[in-house]
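The values are calculated or read from the model by the stated rules, or taken from the named source; none is laboratory data. Small disclaimer: the values here were computed from a predicted structure and weren't measured. Cβ sites come from the backbone with ideal geometry, for glycine too, and all protein chains shown count toward neighbours.
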């Protein structure tokens with residue numbers, strides 16, 4: 001048998017839909033482990049730590065250890081560390097982001113921070129947004145975890161990082177640098193974290209405009225699953241195409 005490929009796997013719409021496992025996702029992960037393949041489950045959601053997400057996934061029946069989960073918060077923290085080790089940042093976000101930033105040696109402060117880092121939170125505070133606008137206007141570098149404008153909640157859509165970043169950008173006149181998908185930087189940081197190479201790695205995702213385009217721009221083989229956002233009829237309108245299209249991750253043989 002050929003050596004197994006490594007995998008970067010989007011979480012929502014690929015392994016889970018809402019609070020339910022995509023049928024066959026657990027069996028796919030078992031096949032990965034049986035072959036000794038390395039993998040990372042990826043998400044643009046920066047709110048939760050890998051440990052939090054691992055616990056949530058185990059609760060619904062997916063056994064994924066924390067070190068196999070990679071979030072836009074982790075990518076953002078590693079980007080900051082590469083730019084300015086042991087820097088300072090004013091951070092708007094939940095524990096998934098603040099813990100990741102602390103772990104790379106950063107100080108979180110509201111005293112002349114070098115960076116303003118915007119993530120996602122259950123309730124954005126207008127006073128914090130105002131302070132972020134003032135710091136950015138005064139010269140702080142503006143970094144945001146992900147460009148998603150909205151996200152799902154039990155009662156409907158809620159504003160996400162991209163929407164709040166637009167507010168800060170409009171008020172300050174400064175555009176943010178988004179680290180998460182579709183920026184291929186997140187993929188490259190994930191590959192380094194995994195210890196893998198693009199030529200030996202496959203990206204599995206459900207969105208043409210984030211997962212697939214980012215995988216292509218990173219030089220990965222790509223697999224589109226039809227259990228999430230993108231429908232098969234939508235694929236032809238994109239100027240780039242996935243390597244393969246399958247109904248579900250259950251149909252992928254590692």
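Below are the figures for this structure:
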| quantity | calculated |
| --- | --- |
| Residues of region 121-140 satisfying the condition of being surrounded by 14 or more Cβ atoms within 10 Å (Cβ to Cβ) and at pLDDT below 95 | 121, 124 |
| Residue within region 70-82 that is touching a strand residue (DSSP E or B) at 6+ places or on another chain (Cβ under 8 Å) and over 26 Å from residue 169 (Cα atoms) present | yes |
| Region 30-56, residues that are buried (at least 22 other Cβ atoms within 10 Å of the Cβ) and more than 18 Å from residue 211 (Cβ to Cβ) | 47, 49, 50 |
| Candidates 167, 186, filtered to the one that is under 30 Å from residue 138 (Cα atoms) and within 17 Å of the chain's Cα centre (by Cα) | 186 |
| Candidate set: region 129-143, residues that are free of Cβ contacts under 8 Å to residues at least 60 places away in the same chain and outside any helix (DSSP H, G or I); chosen: the one farthest from residue 101 (Cα to Cα) | 138 |
| Candidates 196, 172 - the one that is in contact (Cβ under 8 Å) with a residue 12 or more places away in the chain and in contact with a strand residue (DSSP E or B) (Cβ under 6 Å, 6 or more places away or on another chain) | 196 |
| Residue among 99, 112 that is part of a helix (DSSP H, G or I) and more than 15 Å from the chain's Cα centre (by Cα) | 99 |
| Residue 122, sole failed condition from (1) touching a helix residue (DSSP H, G or I) at 6+ places or on another chain (Cβ under 9 Å); (2) at negative phi | (1) |
| Selection count where residues are closer than 23 Å to residue 184 by Cβ, in a loop (DSSP other than H, G, I, E, B) and touching a helix residue (DSSP H, G or I) at 6+ places or on another chain (Cβ under 9 Å), scope region 49-94 | 1 |
| Given (1) touching a residue at least 40 places away in the same chain (Cβ under 8 Å); (2) part of a helix (DSSP H, G or I); (3) within 21 Å of the chain's Cα centre (by Cα), index of the condition residue 148 fails | (2) |
| Matching option when the condition is closer than 21 Å to residue 181 by Cα and not in a strand (DSSP E or B), among 41, 14 | 14 |
| Condition met for residue 254 (over 21 Å from the mean Cα position of the chain (by Cα), more than 22 Å from residue 28 (Cβ to Cβ) and surrounded by fewer than 22 Cβ atoms within 10 Å (Cβ to Cβ)) | no |
| Selection from region 22-47 of residues that are closer than 22 Å to residue 161 by Cα and in contact with a strand residue (DSSP E or B) (Cβ under 7 Å, 6 or more places away or on another chain) | 41, 42, 43, 45, 46 |
